[in-house]
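Trainee: Sharing a structure here in structure tokens format.
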Amino acid sequence: MTQQPPGNPVPHMSPDQFRRLGREMVDFIADYWQSLEQLPVAPATRPGDVFNALPGAAPEAAAPTDEDWNRLLGDVGRLVIPNITNWQAPGFYGFFPANISGPAVLGELLAAGLGVQGMLWRTSPACTELETRVLDWLGQAIGLPSSFMSAANHSAIPAPVTQGGGVIQSTASEATLVALVAARRRALSHGADPASLVAYASTQAHSSVLKASMIAGLARDASDHTRLRFIATDRDHALDPDVLTATLRADRAVGLTPFFAVATVGTTSSTAIDPVDRIAAALAADAAGFTPWLHVDGAHAAAACICPEFRHFLNGVEHADSFCFNPHKWLLVNFDCDCFWTRDRATLIEALSVTPEYLRNTATDSGQVIDYRDWQIPLGRRFRALKLWFVLRHYGIQGLQAYIRRHVALAARLESLLAAMPHIELTAPRTCNLVCFALKARPDADQLALMERLNATGRFYLTHTALPVPAAPDSAGGSSRTRVTLRVAVGSPHTTEAHIDELAAAIAHHSNHVT
Ligand code: PLP
């Protein structure tokens, strides 16, 4: 990165060139943000369009001048921008948001520029200690009990003091996997037979629970549900704790060992809130020797808990062993940033720690420091706490509360506009910023056709799901039928009342044209 001496064949970018081009790149990004309103939300790209427009091999010759860089930026404008889905666009309502902010992007840039690896405390003390502190801040801000914090009194050196603590994982999927292996470690340390272990989640739990089971050897493939029980949900699509209790009893009666359960705070299909307190009670009842590990997956919706009026989502979390949510979904921090807390760091570390000689150092041996490599799957780790710190410093808790409340209010606005349309049915309770709806008494194909028509306008991007059809009140057991429903997740920083009204008007218009 230093200025090259004459004759050096390596065409590094000098700090001065980086300064110039970096400013241009920041301008490019700011211009992109300002153009989001005009861009189609999803591109009309056909498979192969981008691949075929690129040369078959990497360039042989270096192209390091400012003019070369301008050509590269031209290619970004020609090839990349028209062929991306604009996730930050005001009309992006698909999946869950992956929203970003200026402070987070600058934090990401700084992390890249510093280029440190934070796998051990020793390899970058600030990378570890800043992360420990901001995870405590964020945990407090969403109402997690102090048993999940690294610093019991929020000022002491953390490591030897408490049993809990937080860490940034890459994704909620990884959080589930590390929770599952910690759960297995707890069960095995109590003498459980590995072949008898059984896990539990609702039928509405995210697919990452099944994937974690496949990776950990609990499920042979995605169709193998013998050791991961999918528990039926109630009429609101939340896990039914009575069904869980009955399943746990039946499993224990035949000699199986319940060891792990996932409660979802904000299911992917409909943001249903599983009753964490009742699930914890069901797991603790009749537990022999040890209580199964309860992981709470709040990937999207738990961001709302930064507002006191949504903290009831986490009722009972004090009985859970781990909890996570993704500021990279709905709290203005760029992907990737999953915040994961546990009350039982010792078991987590026992499950994940391997110490070859080349990682040994005196700080680790002193027992006074956290080595986050022992809390995660990879060894290496980026300085992700910077972007979270920047967002917390820039917005403050009050700014983040205002942000969440605005989206919830916009979703409520859409909900009431749709509720007034006689041909539209709201298909799930709205718990925060997701509105689920369908055309009344119309087949799945019509729901999908409506979605395609809306998305083809270029103004919106909606995605769909399938929700269980509630069983008739007098029938025994749950229904296995599902119906397609459309989802509107309000989560772009740029969405306004006018965008919501435009969407509602388009739904009214296009639903009359679906045959
Ligand atoms: N859990 C829930 C409830 C989700 O909705 C999602 C994604 O939408 C995930 C987990 C997976 O998130 P990630 O991409 O961080 O693994």
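The values are calculated or read from the model by the stated rules, or taken from the named source; none is laboratory data. Everything numeric here is computed off the predicted structure, so don't read it as measured data. As a convention, Cβ positions derive from the backbone with ideal geometry for all residues, glycine included, and neighbour counts pool all protein chains shown.
Trainee: Of the residues that sit in the stretch 284-313 and are free of Cβ contacts under 8 Å to residues at least 60 places away in the same chain and crowded, with 24+ Cβ neighbours inside 10 Å, which one is nearest to residue 263 (Cα to Cα)?
Mentor: Only one residue fits best here, namely 296.
Trainee: Do we have residue 227 as out of contact with any helix residue (DSSP H, G or I) (no Cβ under 8 Å at 6 or more places or on another chain) and more than 15 Å from the ligand (Cβ to nearest atom) here?
Mentor: Criteria not met by residue 227.
Trainee: Looking at the stretch 321-358 only, could you name the residues that are within 14 Å of residue 138 (Cβ to Cβ) and of a type in the set (A, V, I, L, M, F, W, C)?
Mentor: Across the stretch 321-358, the qualifying residues are 323, 324, 325, 330, 331, 332, 333, 337, 339, 340, 341.
Trainee: Can I ask one more? What is the number of the single condition among (1) within 30 Å of residue 492 (Cα to Cα); (2) part of a helix (DSSP H, G or I) that residue 18 does not meet?
Mentor: The single condition residue 18 does not satisfy is (1).
Trainee: Related question: Which members of the stretch 192-224 meet the condition of being among the hydroxyl-bearing types (Ser, Thr, Tyr) and away from the ligand (no atom under 16 Å from the Cβ)?
Mentor: Correct list: 196, 223.
Trainee: While we're here: Please find, among 198, 167, the residue that is more than 22 Å from residue 316 (Cα to Cα), in a strand (DSSP E or B) and either modelled with pLDDT of 95 or more or in contact with a Ser or Thr (Cβ under 9 Å, 6 or more places away or on another chain) (or both).
Mentor: Answer to the selection: 198.
Trainee: Failed condition for residue 307, given (1) more than 16 Å from the ligand (Cβ to nearest atom); (2) out of contact with any helix residue (DSSP H, G or I) (no Cβ under 6 Å at 6 or more places or on another chain); (3) closer than 30 Å to residue 106 by Cβ, with all others met?
Mentor: (2)
Trainee: Also, I was wondering about something else. Quick check on this structure: which one of 431, 427, 496 is under 21 Å from the mean Cα position of the chain (by Cα) and touching a residue at least 60 places away in the same chain (Cβ under 8 Å)?
Mentor: Only one candidate qualifies: 431.
Trainee: Separate question: Given the criterion closer than 20 Å to residue 462 by Cβ, among the aliphatic types (A, V, I, L, M) and modelled with pLDDT of 95 or more, identify the matching residue among 44, 89, 57, 53.
Mentor: One residue alone meets the criteria, 89.
Trainee: Given the conditions (1) without any contact (Cβ under 8 Å) to a residue 24 or more places away in the chain; (2) under 20 Å from the mean Cα position of the chain (by Cα), which single one is not true for residue 262?
Mentor: Tallying (1) without any contact (Cβ under 8 Å) to a residue 24 or more places away in the chain; (2) under 20 Å from the mean Cα position of the chain (by Cα), residue 262 fails exactly one: (1).
Trainee: Quick check: anything in the stretch 298-319 within 27 Å of residue 194 (Cβ to Cβ) and of a type in the set (A, V, I, L, M)?
Mentor: Among the residues of the stretch 298-319, not one is within 27 Å of residue 194 (Cβ to Cβ) and of a type in the set (A, V, I, L, M), which makes the answer no.
Trainee: Could you tell me whether any residue of the stretch 320-331 is more than 16 Å from the ligand (Cβ to nearest atom), within 30 Å of residue 284 (Cα to Cα) and buried (at least 24 other Cβ atoms within 10 Å of the Cβ)?
Mentor: yes
Trainee: Then there's this: Going by the structure shown, is residue 411 surrounded by 20 or more Cβ atoms within 10 Å (Cβ to Cβ) and either under 17 Å from residue 329 (Cβ atoms) or touching a strand residue (DSSP E or B) at 6+ places or on another chain (Cβ under 7 Å) (or both)?
Mentor: Taking the combined requirement at face value, the residue satisfies it.
Each row is one residue, and each column tells you yes or no for (1) within 16 Å of the ligand (Cβ to nearest atom); (2) within 29 Å of the chain's Cα centre (by Cα); (3) of a type in the set (A, V, I, L, M, F, W, C).
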position: 10; (1), (2), (3): no, no, yes
position: 49; (1), (2), (3): no, no, no
position: 67; (1), (2), (3): no, no, no
position: 71; (1), (2), (3): no, no, no
position: 84; (1), (2), (3): no, yes, yes
position: 88; (1), (2), (3): no, yes, no
position: 102; (1), (2), (3): no, yes, no
position: 111; (1), (2), (3): no, yes, yes
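Trainee: Find all pairs meeting these conditions: Cβ atoms under 9 angstrom apart; at least six residues apart or on different chains; first residue within the stretch 180-209 and on the phi > 0 side of the Ramachandran plot; second residue outside any strand (DSSP E or B) and surrounded by fewer than 20 Cβ atoms within 10 Å (Cβ to Cβ).
Mentor: 191/289
Trainee: Among the residues of the stretch 116-133, count how many are buried (at least 22 other Cβ atoms within 10 Å of the Cβ) and within 17 Å of residue 392 (Cβ to Cβ).
Mentor: Selection size over the stretch 116-133: 3.
Trainee: Separate question: For the stretch 341-359, state whether one or more residues are in contact with a strand residue (DSSP E or B) (Cβ under 6 Å, 6 or more places away or on another chain) and within 16 Å of the ligand (Cβ to nearest atom).
Mentor: yes
Trainee: Quick test of your reading of the structure: residue 258 fulfils all but one of (1) within 16 Å of the ligand (Cβ to nearest atom); (2) touching a helix residue (DSSP H, G or I) at 6+ places or on another chain (Cβ under 9 Å); (3) not in a helix (DSSP H, G or I). Name the failing condition by number.
Mentor: (1)
Trainee: Within the stretch 266-275, is even one residue more than 30 Å from residue 488 (Cβ to Cβ) and either more than 16 Å from the ligand (Cβ to nearest atom) or touching a Ser or Thr at 6+ places or on another chain (Cβ under 9 Å) (or both)?
Mentor: No; the residues of the stretch 266-275 include none that is more than 30 Å from residue 488 (Cβ to Cβ) and either more than 16 Å from the ligand (Cβ to nearest atom) or touching a Ser or Thr at 6+ places or on another chain (Cβ under 9 Å) (or both).
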